[in-house]
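S.K.: I am attaching a structure below and will ask some questions about it afterwards.
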Amino acid sequence: MSPIPDFLFYLAAIPAVFLTGLSKGGFGGSLGMLAIPLLALVISPIQAAGIMLPILVIMDIVGLIAYRGLADKRTLLIMLPGAIVGIAIGWATAALVNEAFVRVLVGIMSILFFLNYLRGRKKSQEARSHNPKLGSFFGMIAGFTSFVSHTGGPPFQLYVLPLKLSPTLFAGTAVIFFSLVNAIKLVPYFMLGQFDTTNLSTSAVLLPLAAASTLVGVWLVRVVKADIFYKLIYYVMGVVGVKLLWDGTSALLQL
């Protein structure tokens, strides 16, 4: 079976993959959340998720090579068990979960976090210490939303950003976390029939762009100053949050 032949699909897919690559490379944080909404303009969100997962796995491999040895192990130990639970919940409720509701939920969390950042940005804030209960909770939400629509970035950032890790350590931790999450997701996605020949061949066409854009993201993380890096991530979270809330609310009103 050949890849999707529709020209309009690639007009949406190329920027979607490029932005996701920047995000997976560690730059821009939540930029990758725009991928599914962009692709959903031309194909179904379910098919979009199936096409994007193999691409995300390749991006993960590039990121793991670039950030080898750079990760906050305490964060991973706290969040990964919860993420596995979240993936299991997503799998068990795959036929019941309303994706529009998930978008609304993630959008509200992102907007509230951004507003909290604006409220406190003029204050001198110290790095927050680890909270295992909170980290496990956000890990579970990240696993669940990642399974449903590849939107695990904001829940992950809600816990990790206040820790104020260095940009490279933050990026390396995110790469390892989502590499493991995406690897675990492969099995349930396969069992749900997401990897048909059309989806896989379409993913293959986009793989060179996936690898190149991830390397661009890795480079940007290492040349941009930490305060600019974090400010950008907070603002992107706000914009993406508004987009997800709008999309989710619009879809729910049409039900």
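No lab work stands behind these numbers, since they all come straight from the coordinates. Just so it is clear, the structure is predicted and the values come from calculations on it, not from any experiment. Using ideal geometry, Cβ is built from the backbone for each residue, glycine included, and neighbour counts are taken over all protein chains shown.
S.K.: Please quote Rg/Rh for segment 7-253 to two decimal places, taking the Kirkwood radius as Rh and restricting both calculations to Cα atoms.
M.R.: Rounded to two decimals, Rg/Rh equals 0.94.
S.K.: Out of 221, 175, 148, any idea which swings most in a Gaussian network model of the chain, alpha carbons joined below 10 Å?
M.R.: The residue with the greatest mean-square fluctuation here is 221.
S.K.: Still on this structure, please answer the following. Give a residue-ordered list of calculated ³J(HN,Hα) values for segment 129-134 (Karplus: 6.51 cos²θ - 1.76 cosθ + 1.60, θ = phi - 60°; whole Hz; x for Gly, Pro).
M.R.: Listing the rounded values in order: 7, 5, 10, x, 5, 5 Hz.
S.K.: Determine ³J(HN,Hα), in whole Hz, for all residues of segment 183-197 in sequence, where each value follows from phi through the Karplus function 6.51 cos²θ - 1.76 cosθ + 1.60 and θ = phi - 60°; x replaces Gly and Pro.
M.R.: Residue by residue, segment 183-197 yields 5, 5, 5, 4, 5, x, 5, 4, 5, 8, x, 7, 9, 7, 5 Hz.
S.K.: Now for a separate question. Could you give each residue of segment 49-60 its phi-based ³J(HN,Hα) in whole Hz, using Karplus coefficients 6.51, -1.76, 1.60 with θ = phi - 60°, and x for Gly or Pro?
M.R.: 5, x, 5, 6, 4, x, 5, 4, 5, 5, 4, 4
S.K.: Which is farthest toward the positive dipole end of the chain among 113, 175, 212, measuring Cα position about the Cα centre, with Cβ charges +1 (Lys, Arg) and -1 (Asp, Glu)?
M.R.: Value computed over the given set: 113.
S.K.: What's the lysine pair count for segment 113-255 at a Cα cut-off below 23 Å, pairs eight or more apart or interchain?
M.R.: 10
S.K.: Run the dipole for the chain about the Cα centre, Lys and Arg Cβ at +1, Asp and Glu Cβ at -1, nothing else charged, and hand back the magnitude in debye, nearest 20.
M.R.: Roughly 1040 debye for the chain.
S.K.: Under a crude label model (7 Å from the Cα following the beta-carbon direction), how far is residue 116 from residue 253 in nanometres?
M.R.: The answer from the label model is 2.8 nm.
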